[in-house]
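Below is one structure, written out as C-alpha cells; the observations come after it.
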C-alpha cells in the first residue's frame, strides 16, 4: 500500500488516515539545509499563495513551475509528504475489516504548509504583531479557499511547535488538512453545543466567556477575544482562545477581528514561553464545517502544551491527570502578559 486511505473505526467511531508516505518526511533542519528558508524555494513544490510586497504594497502572487517568487513574506504550498492527496479520485470503498459496515475512502484531500516568515526563528513569540497579522490573514485565505473545494467537508488548521509536538522542521510554519469527512471529535463538540442550546438556550461558548471573564482562570481579554485556562484542562497551561462575537467558523471573521487575533496569539504564546520554559505545543482551530447549517457552535482555538506524556491510565480511560491547576496556570500566564505590556 503506497497511497493514503481514510478508514473509519466502527468500534471507537473515529476516522484514521493511513499514510505510509509520511514516514519519509525529514527529521530536523538547520538554517543552511532548511527547505523553508529564503533561497531554498526550489526544495518545495510551487506555492499557490505567496505574500510579497511590491512598491511597499502587499500583493498576493503564485509561483510558476520553473520560477519561484524570491522576495516573499509568507508562502503556502502542498506538503511534500502529504497525509492526503488532491490528485486522487474521491471514492468510497467497502470495508475490509470484521465489521462490514466499516467505511473507508480513498486518500483524497488537501494538505498544505503555510511558511509564516522568511526568518528561520520567527515563531509567534518572536514574530512582530504586524508579521502575525499577515500569518492570520494567510490562515483566512487558505481556509476560505479549501472550505468550498468539491467533496471537502472539513478544514483543519493546526500548528506544531517543537519535535515533541510533531514538528519535523523548526522553521515557523503551520499546516492545513482538508478532509472529505467531518472528524468524530468535531461532531461531538457540535452535538454538545446543540444540546446546550436545546436545553438551556443560547450558546455554550458565549456563556463560558461571560463566566470566565471574572474568574481566576482568565488569561487574557480584549475587545474581541478572551483566553482562559479551561476549568478541566487536559494538560498543564492549556489555553482556549474564544472570540467574543458569536460565529461558527473562522472564515466569517472581520478583518479587525483577525488583526486582534494576531495580538492575542502573540500575548499568550509569549507568556507560555516565559512561564513554562518554551514548551513544545500544538494549537488548532476548532470550527464548524463551512457547509453546516446551524448557529449553536462557536469557533475557537485550543493551545495544548506538551509538558506531560499520556500514560497507560490516560490511554485506557480517556481521563487525564493534570498536575498544574488551571487557576495557577492562568495566574502565571496573566502576570507574564501584564508585565510584557500586552
Whole Å is fine, so just give me how far the alpha carbon centre of segment 109-137 lies from that of segment 293-335. 24 Å
I'd like the distance between the alpha-carbon centres of segment 42-93 and segment 165-232, rounded to an integer number of Å. 29 Å
In nanometres, what is the gap between the two model label sites at residue 65 and residue 211, each 7 Å from Cα along Cα-to-Cβ? 5.6 nm
GNM on the chain, C-alpha springs below 10 Å: top fluctuator among 160, 249, 277? 277
Among 209, 176, 16, whose mean-square fluctuation peaks in a Gaussian network model of the chain (Cα, cutoff 10 Å)? 16
The exposure ranking of 103, 253, 316, fewest beta-carbon neighbours within 10 Å first, is 316, 103, 253
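Order by neighbour count: 319, 307, 241, 80, fewest other Cβ atoms within 10 Å first, most last.
Values: 319 9, 307 18, 241 21, 80 15.
By the 10 Å Cβ count, ascending, the order reads 319, 80, 307, 241.
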Please identify, among 232, 193, 19, the residue showing maximal mean-square fluctuation in a Gaussian network model of the chain using a 10 angstrom Cα cutoff. 232
Return the FRET efficiency for the residue pair residue 184, residue 24: r is the Cβ-Cβ distance, R0 is 22 Å, and the value is rounded to the nearest 0.05. 0.20
Taking only the alpha-carbon atoms of the chain, the convex hull volume per residue, in cubic angstrom, is 156 Å³
Tell me, what is the percent relative contact order of the chain, built from C-alpha pairs under 8 Å that lie six or more residues apart? 16 percent
Would you please calculate the Kirkwood hydrodynamic radius of segment 5-182 over all C-alpha pairs and express it in Å, rounded to one decimal? 17.5 Å
Working only with C-alpha atoms, what are the Rg and Dmax values of segment 185-340, expressed in angstrom? 15.6, 45
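Looking at segment 198-282, I'd like the Rg to Rh ratio, where Rg is from alpha-carbon atoms and Rh is Kirkwood's inverse mean 1/r. It would help to have the intermediate numbers written out before the result.
Values: Rg = 13.6 Å, Rh = 13.9 Å.
Dividing the radius of gyration by the Kirkwood radius yields 0.98.
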With runs of 4+ DSSP H residues as the only contributors, calculate the mean residue ellipticity of the chain at 222 nm using -39,500 (n - 2.57) per run, divided by the residue total and rounded to the nearest 500. -8500 deg cm²/dmol
In what order do 303, 18 fall by count of nearby beta-carbon atoms within 10 Å, going from fewest to most? 18, 303
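Bear in mind these aren't lab numbers, they're just calculated from the coordinates by the rules spelled out. In this text, all values refer to a predicted model and were calculated from it rather than measured experimentally. Glycine gets a Cβ as well: all are built from the backbone with ideal geometry, and neighbour counts include every protein chain shown.
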